[in-house]
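Asks: Once you've had a glance at the structure underneath, I'll fire off some questions.
The values are calculated or read from the model by the stated rules, or taken from the named source; none is laboratory data. Predicted model, so just to flag it, every value in this text is computed and none were measured. Cβ placement follows ideal geometry from the backbone for every residue including glycine, while neighbour counts extend to all protein chains displayed.
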Amino acid sequence: MPATFTYLARCVPGLQELVVHLLQDEPFAPVTVRRVEEGLVVFSCKANPGTVARLRTVNGLFLVLAQSEQGGLPGYLRGLANQTGWLAGLDRRVARPGETFRVIVSDEDRTVSADGAVLRRLGDAIAAQSGMTYRPRGPRHEFWALRRRSGALFFGQRLPLPARAATPIERGELRPELASLLCALSEPKPDDVFLDPFAGTGALPLARSAWPVRGLIASDIAPAALETLRRRARAGAFGKAPLRIERIDARTLRELSDASIDAVVTDPPWGLYDSDLPDLAGMYRDAFAAIRRVLKPGGRLVMLLGRSTIGPDFLRDGRVGLRRDFVADILVNGRPATVARWRRERGLPL
């Protein structure tokens, strides 16, 4: 009978319940959720680490080797070094003999120092079991001891997330896991025509290209953003996804026909660095109206909104003429933001 593995996933704080929901749709489902905290989901399934490491919606993934509900980090680390039965859970497909590793200690999501002698003893135990070499600087692999604010303690083998390595992140761009979560919230379908009217350097169309899609439209009015989009497309960042890059004004979307778009996922300007947007509220009103016009009946709109620049009126159904069915508050680079999803109801006139 296949073994059951336990994994710890770190995710965007505020969207952990969305991650839980999406896990059930992953190819390696079913999963059993063991624990949910702010920015963390612990789950079990029979899929091996190589399969689970393909997750796009998390920013850290660990194969859990040991866990405890109480205690401090120093005592927990000493216990791991002295009682090494948990080493039987090492995955040899990830920890290959001859490769290098180190041990990282995290307390409430902050990397902290620990007793060097204990870390060395723990490293020696892992090396003896795995055939790897302990190297505190520049290793290939990492083992993490994590203490959560709840008091829960975990020790795990960090899994690589290979999907992130293909395309470098542009300056100021959304993190890939957040872009993937926003696209997943739009309920991707293979026959979707997808639009990002504030595409910037393309984080959201890039994330959406990981799912089958009939068409991607990435638009912006900034020449520099369009050039970056075209450069990334030439480099093959979007794979075989049918991509259309256009200079379209998001306030009108006049180049797009009524009811021609299945899903819109976008991160409009927050007004923090855009000196040429004196009427931000007006821009949002116009963009909402234009998006509503081009959405098909049943179409989905997902937006990332800066809470410091956009008032709560924009989250009211009456203002946008769409039905909102999801909202969550998060932080993006330390700034308060809101993720929301609306649907254009099938009987709603243009």
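Asks: Does segment 122-133 hold any residues that are buried (at least 18 other Cβ atoms within 10 Å of the Cβ) and within 22 Å of Gly75 (Cβ to Cβ), and which are they?
Replies: Scanning segment 122-133 gives Leu122, Gly123, Ala125, Ile126.
Asks: Go through Arg214, Arg231, Arg158 for me and flag whichever is surrounded by fewer than 24 Cβ atoms within 10 Å (Cβ to Cβ), of a type outside the set (Ser, Thr, Tyr), under 20 Å from the mean Cα position of the chain (by Cα) and farther than 20 Å from Pro268 by Cβ.
Replies: Arg158
Asks: Right, something else. In this structure, is Ala184 crowded, with 17+ Cβ neighbours inside 10 Å, outside the structural domain of Asn59 (by TED's automatic domain parsing) and farther than 21 Å from Gly334 by Cβ?
Replies: Yes, satisfied.
Asks: I've got another one for you. Testing Val118 on (1) in contact with a strand residue (DSSP E or B) (Cβ under 8 Å, 6 or more places away or on another chain); (2) more than 30 Å from Cys183 (Cα to Cα), one condition comes back false. Which one is that?
Replies: Val118 satisfies all of (1) in contact with a strand residue (DSSP E or B) (Cβ under 8 Å, 6 or more places away or on another chain); (2) more than 30 Å from Cys183 (Cα to Cα) except (1).
Asks: Turning to a different aspect of this structure: Of the numbered conditions (1) out of contact with any helix residue (DSSP H, G or I) (no Cβ under 9 Å at 6 or more places or on another chain); (2) within 30 Å of Ala224 (Cα to Cα); (3) surrounded by 15 or more Cβ atoms within 10 Å (Cβ to Cβ), Arg171 fails exactly one; give the number of that condition.
Replies: The one condition Arg171 does not meet is (3).
Asks: Something else: Which of (1) surrounded by fewer than 18 Cβ atoms within 10 Å (Cβ to Cβ); (2) modelled with pLDDT under 95; (3) of a type outside the set (A, V, I, L, M) does Asp191 not meet, given it meets every other one?
Replies: Every condition holds for Asp191 apart from (2).
Asks: Do we have Gly200 as in a loop (DSSP other than H, G, I, E, B), out of contact with any strand residue (DSSP E or B) (no Cβ under 7 Å at 6 or more places or on another chain), under 21 Å from Arg300 (Cβ atoms) and in the same structural domain as Asp286 (by TED's automatic domain parsing) here?
Replies: Yes: the conditions hold for Gly200.
Asks: If you don't mind, another one. Checking Asp25 against (1) modelled with pLDDT of 95 or more; (2) over 12 Å from the mean Cα position of the chain (by Cα), which test does it fail?
Replies: Answer for Asp25: the failing condition is (1).
Asks: Still on this model: Do any residues in segment 20-44 that are closer than 16 Å to Gly151 by Cβ have Cβ atoms under 7 Å from those of residues that are outside any strand (DSSP E or B) and of a type in the set (Ser, Thr, Tyr), where the two are at least six apart or on different chains, and which pairs are they?
Replies: Glu37/Ser150
Asks: Would you check if there is a residue in segment 52-70 being in a helix (DSSP H, G or I), in contact (Cβ under 8 Å) with a residue 24 or more places away in the chain and assigned by TED's automatic domain parsing to the domain that holds His141?
Replies: Yes, because at least one residue in segment 52-70 is in a helix (DSSP H, G or I), in contact (Cβ under 8 Å) with a residue 24 or more places away in the chain and assigned by TED's automatic domain parsing to the domain that holds His141.
Asks: Please name all residue pairs, on different chains or six or more residues apart, with Cβ atoms under 9 Å, provided the first residue is in segment 331-345 and is on the phi < 0 side of the Ramachandran plot and the second residue is surrounded by 18 or more Cβ atoms within 10 Å (Cβ to Cβ) and among the basic types (Lys, Arg).
Replies: Partner pairs satisfying both residue conditions: Arg341/Arg300; Trp342/Arg292; Trp342/Arg300; Arg343/Arg300; Arg344/Arg292; Arg344/Arg300.
Asks: Quick check on segment 244-251. Is at least one of its residues surrounded by fewer than 17 Cβ atoms within 10 Å (Cβ to Cβ) and among the β-branched types (Val, Ile, Thr)?
Replies: No: zero hits.
Asks: Follow-up. Look through Tyr7, Tyr76 and report the one residue that is out of contact with any helix residue (DSSP H, G or I) (no Cβ under 8 Å at 6 or more places or on another chain) and among the aromatic types (Phe, Trp, Tyr).
Replies: Working: Tyr7 fails: out of contact with any helix residue (DSSP H, G or I) (no Cβ under 8 Å at 6 or more places or on another chain).
Answer to the check: Tyr76.
Asks: OK, next. If I ask for residues that are at pLDDT 90 or above and either of a type in the set (A, V, I, L, M, F, W, C) or outside the structural domain of Asn333 (by TED's automatic domain parsing) (or both), which ones from segment 258-287 would you list?
Replies: Once the filter is applied, which keeps residues that are at pLDDT 90 or above and either of a type in the set (A, V, I, L, M, F, W, C) or outside the structural domain of Asn333 (by TED's automatic domain parsing) (or both), segment 258-287 yields Ala259, Ile261, Ala263, Val264, Val265, Ala287.
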